[in-house]
Amino acid sequence: MTTPTSTAPEIDATSVTEAPEAVGRSPGQLMWLRFRRDRTGVISAAIVIFFFLVAILAPVISMVYGKDPYTLYGQDRPGLLNDFGYAMAPNGGISSEFWFGIEPNLGRDVFMQLVYGIRTSLLIAVVATILTTLIGIVVGIIAGYAGGKTDFFIGRIIDLMLSFPQVLFIIAFTPVVDQLLVPSNEETPVWLRAVTLTILLTVFGWAGLARLLRGQVLSMREREFVEAAKVTGASPARIVFKELLPNLWTPILIQSTLLLPALVTAEAALSFLGVGMGEQVPDWGRMFLRATQVYQNDITYLIFPGVALLIFVIAFNLLGDSVRDAFDPKIKR
Amino acid sequence: MNHRKRSALAVVAAASLALVGACAPGNAGAPSSAPASAGASSAPAAAYKPPTITLGTAADSKGPAIPPEGVVKGGTVTMIDRDDFSHFDPAQIYVNTEANFALLISRGLTGYKRIAKGDYKLVGDLATDAGTPSDGGKTWTFTLKDGVKWQDGSPITSGDVKWSVERMFAPFITFGPQYVQQWLTDTDYKKAYPGPYGGKELDNIETPDDKTIVFKFKAPHADAGYAFAMAGYNIVPKAKDTKEKYDKEPVSSGPYIIKSHVVDKSLELARNPNWDANTDPIRGAYPDVWKMEFGQEATQITDRFVADAGPDQTAFTFYANTPAERLQQVLGDASLADRRLISPSPYGNYYYFNLDRVKDQKIRQAINYAWPAKQIQQALGGPQAVALPTTILNENTTVGYKPYDLFGKTAKPEGDIEKAKQLLAESSNPHPTIVYAYNNLPTQEPVTLVIKNALEKAGIKVVAKSLDRKTYYDSISQTKNEFDLYWGGWGADWPSGSTVMPVIFGPISDGGQNMSHLNDPTITAEMKKISENPDINAANEAWMNLDKQIQETITPVVVAENRIATMLHGSKVGGAEIDPQQWIVSPNTIFVKQ
């Protein structure tokens, strides 16, 4: 960044451009400037980055902490769980050794489950978000730019996807995938379940973004700069990529930052409903499921995944809001 | 900062506060290594005593039933459960809830009389005694009591009994038991005789007079008296048999008549004026009115009984078990102590080896040694939720039960990895791969993880294959399945190995019950010999010996954990007890305290 922010620290972002000693700034720079002044946004961004770091550094954390998410500590070591399978120490077994307590019955370390659980959730959600966004962009622009029959046809597919009962479909379809692709005497590989979930979440996720972008493209298609490009003989590809797409980055970025937390929750919800990852893979949704069954005896076990998911989703949503505000300061809420 | 953000941040802050401030008490309880002394105020530590079931005499068969302590007659009792009964026609009844309900509205030749808690006798119900065998156990004679009547006042005759057995051959009867029909004719009994509706009778059921009925079997069956105690052999009036429709409108021979029935919702019973308590040694029938509610989930029912509010005080449940997650609460509450009923299941549950695939007995033994019984118990809710038997036959349903422990499970319930490794080293493959198929239920996932974990410590690679819950049983009962190890269960129909062993180690067929595919001529011959032994006590002892012999010489199964039912009832219900054979609260002793 070439411009020192101290030159106009107190002035509202929009008025910066009107200031007499204005320096030329790109929209990106302006956005960054506005974003940095938004305290909520910066804090949310920090939280989000923290979650990503935890996910990436999970093996390091595990090494430093000295535990892994797979060992059944409570079962291997007597004195941790009582006869009913609940932690004997208060607060779900929180101790200097098990920072967040231990899981009821199986006795795994809750902290490690949480840390590795972020990986599962984030990996699936990030990949699904990227795929969803890509498909949404392509389909949306094609529908909007081509118009006519193509638009009508794609529009109906979008309608269909949006009205589809996706959760029910995923619950019904996942076992079918396993049946089709996994030989009858083989275990369902973890990656297959992850890929299935990602694909299914993508398939049902792109329609919203596509419809939004189609609307944007429709409104821009007849604008002067597009007309001008057409007159000068620009190819459709050039028009799409050089004229239309740069104007669409704002909605795309906002949509995808809001999509990611939605997908994290969706993945957790599917695990909660029993079609997520298997028992051997740490997963927030499954932690929830177990926690709701045992909360009367071990409320602590419900609090950790609950609060973690809450913070993450709220932080990401607030980040999405801040990004939108930074891109589009005219919207006053 | 605008309002929306501020409130959102407040939520985050509140949540973090909750995190810091949350303080959950520890879960008291002895270390898991000492299962005998569980929890501060939890269930009594007394070991469970399996019931004794003996053969009663003619004197035992006289009514009325022995009343439970403090009995009061009259009042209205409520029964709450999840599922309605699908069948009222006795011939269609096999399920324990339906058989239990049948006690209220129908009677059979024999039945189980409660002498005291955990002490039962097989006695004559409609018959004057539990049957008289002759011709080395091939011929069985029953004499009906005087004064036994249908709900319309007409007498119950031997013709009705004969008719009731004959109609079980009819094509529309598909659910009931099959033992007596097969003994009378052939294994494929429906081909041998089409049922009485065409006018044809079965020659080997004789009725010399209105009170006497004689069954002539093809081979000796020392336990025929027990077979007739199954609710499936309860009687149906010849004059009022409406065939298929009888399933909806049964004629009562028992103490109550169905007054109203709204399917899946409610059912009400009123007294049968023509039932005489003096002819019935089994049924107390103390309440005047029975009301039943269906469609309640187990968690709900448990919570209602814990709260014990208003009308729920006079309520109980046939079959709604306390779910594992409520167990600590229910067992830990001292005030519930006199309203708790506890009984391990009467079913035999096994992890079957597929003998066609796991051919080396050393490997099967090694898995038995390494088996993490204790960890599975822990995953399913601890020693109060799950017992760890070591025999094929179940203690609740085996007369003359003798425990044995071949694989050191009493000393090392967590599994003996060293011993397993040693056996594997001697076997054909020290690092075998075992395909373990499991039912894709939420409770099975942790169990699978525990099994996998333990066997892998012994050097066995476990491929955990999740099967869809709808098709689980179909998949594992295919004879050509591709799995090595899978869970299955079977319950005895009366307290004898003769309804277990010849079934689970019997004929191998697709969809059949012999899921280990054990086919050993010595064992088969031995089972046939014991089945036809006219001395029932010698037979029972022989079954127990065969149990051990099979595990020693073949090891076709890992004996699985056995669920323990914990049920509650309202504070004004008296005489509630779990029938250890049917694993359900018996209606015979229920009364309402005033």
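Data overview
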item	result
Check on A:L200, closer than 27 Å to A:S163 by Cβ and either open to solvent by 20 Å² or more (accessible area, probe 1.4 Å) or in contact with a strand residue (DSSP E or B) (Cβ under 8 Å, 6 or more places away or on another chain) (or both)	no
Boolean, B:D308 is touching a Leu at 6+ places or on another chain (Cβ under 9 Å) and either buried (at least 17 other Cβ atoms within 10 Å of the Cβ) or acidic (D, E) (or both)	yes
Members of the stretch A:192-240 found to be of a type outside the set (A, V, I, L, M) and within 19 Å of the chain's Cα centre (by Cα), listed by number	A:R193, A:T196, A:T198, A:T202, A:F204, A:G205, A:W206, A:G208
The stretch A:282-301, residues that are over 14 Å from A:L106 (Cα atoms) and open to solvent by less than 20 Å² (accessible area, probe 1.4 Å)	A:D283, A:W284, A:G285, A:T300
The listed residue being of a type outside the set (A, V, I, L, M, F, W, C) and more than 14 Å from every other protein chain (Cβ to nearest Cβ), out of A:S121, A:S95	A:S121
Every pair of residues 6+ apart whose Cβ atoms lie under 6 Å, when the first sits in the stretch B:77-91 and is under 18 Å from B:R304 (Cβ atoms) while the second is among the basic types (K, R)	B:T78/B:K291
Residue among B:N278, B:N274 that alone is farther than 29 Å from B:M168 by Cβ and not aromatic (F, W, Y)	B:N278
Top-ranked residue of the stretch A:79-88 - restricted to ones that are touching a residue at least 12 places away in the same chain (Cβ under 8 Å) and facing chain B (nearest Cβ under 7 Å), ranked as farthest from B:A385 (Cα to Cα)	A:A87
Residue among B:A464, B:A492 that is more than 20 Å from B:N394 (Cα to Cα) and either of a type in the set (G, A, S) or touching a Gly at 6+ places or on another chain (Cβ under 8 Å) (or both)	B:A464
A:E97 vs. criteria over 28 Å from B:A385 (Cα atoms) and either at pLDDT below 80 or within 22 Å of the chain's Cα centre (by Cα) (or both)	no
Entirely in the stretch A:28-133, the helices (runs of 4 or more DSSP H) that have 2 or more residues that are among the aromatic types (F, W, Y)	A:39-56
The stretch B:447-469, residues that are surrounded by fewer than 21 Cβ atoms within 10 Å (Cβ to Cβ) and more than 9 Å from chain A (Cβ to nearest Cβ)	B:E456, B:K457, B:G459, B:K461, B:R469
Subset of the stretch A:307-320 that is within 8 Å of chain B (Cβ to nearest Cβ) and surrounded by fewer than 22 Cβ atoms within 10 Å (Cβ to Cβ) - its residue that is farthest from B:P446 (Cα to Cα)	A:N317
Count of residues meeting criterion [among the hydroxyl-bearing types (S, T, Y) and surrounded by 24 or more Cβ atoms within 10 Å (Cβ to Cβ)] in the stretch B:472-507	3
Hits in the stretch A:40-78 - residues which are within 13 Å of another protein chain (Cβ to nearest Cβ), modelled with pLDDT under 90 and open to solvent by 40 Å² or more (accessible area, probe 1.4 Å)	A:D68, A:Y70, A:T71, A:D76, A:R77, A:P78
Candidate set: the stretch B:322-355, residues that are more than 13 Å from chain A (Cβ to nearest Cβ) and part of a loop (DSSP other than H, G, I, E, B); chosen: the one surrounded by the most Cβ atoms within 10 Å (Cβ to Cβ)	B:P346
Residues being under 28 Å from the mean Cα position of the chain (by Cα) and either facing chain A (nearest Cβ under 8 Å) or open to solvent by 10 Å² or more (accessible area, probe 1.4 Å) (or both) - total across the stretch B:428-446	9
Filtered residues of the stretch A:153-195 (kept if polar (S, T, N, Q) and either at pLDDT below 85 or surrounded by 13 or more Cβ atoms within 10 Å (Cβ to Cβ) (or both))	A:Q166, A:T174, A:Q179, A:S184, A:N185, A:T188
Residue that is farthest from the other protein chains (Cβ to nearest Cβ), among those in the stretch A:282-301 that are of a type in the set (A, V, I, L, M, F, W, C), in contact (Cβ under 8 Å) with a residue 24 or more places away in the chain and touching a helix residue (DSSP H, G or I) at 6+ places or on another chain (Cβ under 6 Å)	A:W284
Residue tally, condition open to solvent by less than 30 Å² (accessible area, probe 1.4 Å) and over 19 Å from A:Q113 (Cα atoms), over the stretch A:79-92	3
Single unsatisfied condition, B:I53 versus (1) free of Cβ contacts under 8 Å to residues at least 60 places away in the same chain; (2) farther than 30 Å from B:K245 by Cβ	(1)
For B:Y401: the one exception among (1) open to solvent by 20 Å² or more (accessible area, probe 1.4 Å); (2) without any contact (Cβ under 8 Å) to a residue 40 or more places away in the chain	(2)
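To keep it simple, each residue is scored yes or no on (1) acidic (D, E); (2) open to solvent by 20 Å² or more (accessible area, probe 1.4 Å); (3) away from chain B (no Cβ under 13 Å); (4) more than 22 Å from the chain's Cα centre (by Cα).
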site: A:L248; (1), (2), (3), (4): no, no, yes, no
site: A:T257; (1), (2), (3), (4): no, yes, yes, no
site: A:A268; (1), (2), (3), (4): no, no, yes, no
site: A:M277; (1), (2), (3), (4): no, no, no, no
site: A:Q280; (1), (2), (3), (4): no, yes, no, yes
site: A:I303; (1), (2), (3), (4): no, yes, no, no
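Quick grid of which residues meet (1) part of a helix (DSSP H, G or I); (2) β-branched (V, I, T); (3) surrounded by 17 or more Cβ atoms within 10 Å (Cβ to Cβ):
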residue: A:G215; (1), (2), (3): yes, no, no
residue: A:K230; (1), (2), (3): yes, no, no
residue: A:G233; (1), (2), (3): no, no, no
residue: A:I239; (1), (2), (3): yes, yes, yes
residue: A:E243; (1), (2), (3): yes, no, yes
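The values are calculated or read from the model by the stated rules, or taken from the named source; none is laboratory data. A quick note: this is a predicted structure, and the numbers were derived from the prediction, not measured. No Cβ is skipped: glycine too gets one built from the backbone with ideal geometry, and neighbour counts run over all protein chains shown. With ligands, DNA and RNA removed, areas are computed over all heavy atoms of the protein, side chains included. Shrake-Rupley method; radii C 1.70, N 1.55, O 1.52, S 1.80 Å.
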